[in-house]
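**Student:** One structure is given below, represented as structure tokens, and several questions about it will come after.
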Amino acid sequence: DYLVEWCQHKGVDCFRGSELNVLERYYECAKFYNANIVVRITADDPFKDPVIINHAINLLIENNYDYVSNTIKPTFPEGLDVEVYKFKSLEVAFKNATLSSEKEHVTPYIWKNNNKFSLFNFVYKEDLSDLRWTIDYIEDLEFARSVYRKMRNEKEHFLMEDILCLLDEYPELSNIQKSVVRNEGYIESIKED
């Protein structure tokens, strides 16, 4: 409610939907706004990189894929995940997904059914999937605050490469959240299925 109130005050469009069926919320939102292409980025990832997002969009459009991501075989730091897909793929998933994990996490139905969809996963030049740049735990928040404290005076907007340079200079920052497991929420959802 607070976020919706803030959006209304700032004149920012806001769409609300099912709290637990995130797939339904995405589908209804995309349908409401008449979207042909959906870019899925999550609010708990404060370091999203527009260069990576634009690359994913361009791959989808230029190659006429149904779904493009850097998450099927992760090589980017967690938190730089991006998924781009056509509305028609989202619609098929919405109409056919049955598992709770498919409804909570939006795209598993799509990438688990590569016989129905043309998928493409792009990778980074090296495997950085052990790095964690998302906020789920207090350690993640400590890491994000540390990065912002060090970066805020250097650049207003910084990208993945800037943070990698920062971690080269201050390697101890990478140790803040070493004990946290990648994709822990999705793993727990699968167990519940």
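**Student:** Kindly list the number of the only condition in (1) surrounded by 11 or more Cβ atoms within 10 Å (Cβ to Cβ); (2) closer than 30 Å to residue 143 by Cβ; (3) without any contact (Cβ under 8 Å) to a residue 12 or more places away in the chain that fails for residue 48.
**Tutor:** Of (1) surrounded by 11 or more Cβ atoms within 10 Å (Cβ to Cβ); (2) closer than 30 Å to residue 143 by Cβ; (3) without any contact (Cβ under 8 Å) to a residue 12 or more places away in the chain, only one is false for residue 48: (3).
**Student:** For segment 130-147, how many residues are hydroxyl-bearing (Ser, Thr, Tyr) and either closer than 12 Å to residue 167 by Cα or buried (at least 19 other Cβ atoms within 10 Å of the Cβ) (or both)?
**Tutor:** First, the residues of segment 130-147 that are hydroxyl-bearing (Ser, Thr, Tyr): 134, 137, 146.
Pick out the ones that are also either closer than 12 Å to residue 167 by Cα or buried (at least 19 other Cβ atoms within 10 Å of the Cβ) (or both) and you get 134, 146.
The total comes to 2.
**Student:** Take residue 102 and tell me if it is out of contact with any strand residue (DSSP E or B) (no Cβ under 9 Å at 6 or more places or on another chain), crowded, with 21+ Cβ neighbours inside 10 Å, charged (D, E, K, R) and on the phi < 0 side of the Ramachandran plot. Please lay out each step first, then the result.
**Tutor:** On the way: out of contact with any strand residue (DSSP E or B) (no Cβ under 9 Å at 6 or more places or on another chain): yes; crowded, with 21+ Cβ neighbours inside 10 Å: yes; charged (D, E, K, R): yes; on the phi < 0 side of the Ramachandran plot: yes.
Answer is yes for this residue.
**Student:** Within segment 1-29, track down each residue that is open to solvent by 40 Å² or more (accessible area, probe 1.4 Å), among the aromatic types (Phe, Trp, Tyr), outside any loop (DSSP other than H, G, I, E, B) and touching a Phe, Trp or Tyr at 6+ places or on another chain (Cβ under 9 Å).
**Tutor:** Within segment 1-29, 26 is the sole residue that qualifies.
**Student:** Taking helices (runs of 4 or more DSSP H) that fall entirely within segment 49-124, which contain at least 1 residues that are more than 21 Å from residue 191 (Cβ to Cβ) and either more than 17 Å from the chain's Cα centre (by Cα) or among the charged types (D, E, K, R) (or both)?
**Tutor:** Values: elements: 50-63, 87-96, 100-104, 108-112.
Here the list reads 50-63, 87-96.
**Student:** Here's a follow-up. What is the one condition in (1) surrounded by fewer than 20 Cβ atoms within 10 Å (Cβ to Cβ); (2) out of contact with any Phe, Trp or Tyr (no Cβ under 6 Å at 6 or more places or on another chain); (3) within 28 Å of residue 33 (Cα to Cα) that residue 69 does not satisfy?
**Tutor:** (1)
**Student:** Here are some residues: 161, 172, 156. Which one is among the acidic types (Asp, Glu) and modelled with pLDDT of 95 or more? Reasoning before the result, please.
**Tutor:** On the way: 172 fails: modelled with pLDDT of 95 or more; 156 fails: modelled with pLDDT of 95 or more.
Within the list 161, 172, 156, the selection yields 161.
The values are calculated or read from the model by the stated rules, or taken from the named source; none is laboratory data. Only a predicted model underlies this, so the values are computations on that prediction, with no experimental measurement involved. So basically every Cβ, Gly included, is an ideal-geometry build from the backbone, and we count neighbours across all protein chains shown. Side chains included, ligands, DNA and RNA excluded: accessible areas come from the protein's heavy atoms. Shrake-Rupley method; radii C 1.70, N 1.55, O 1.52, S 1.80 Å.
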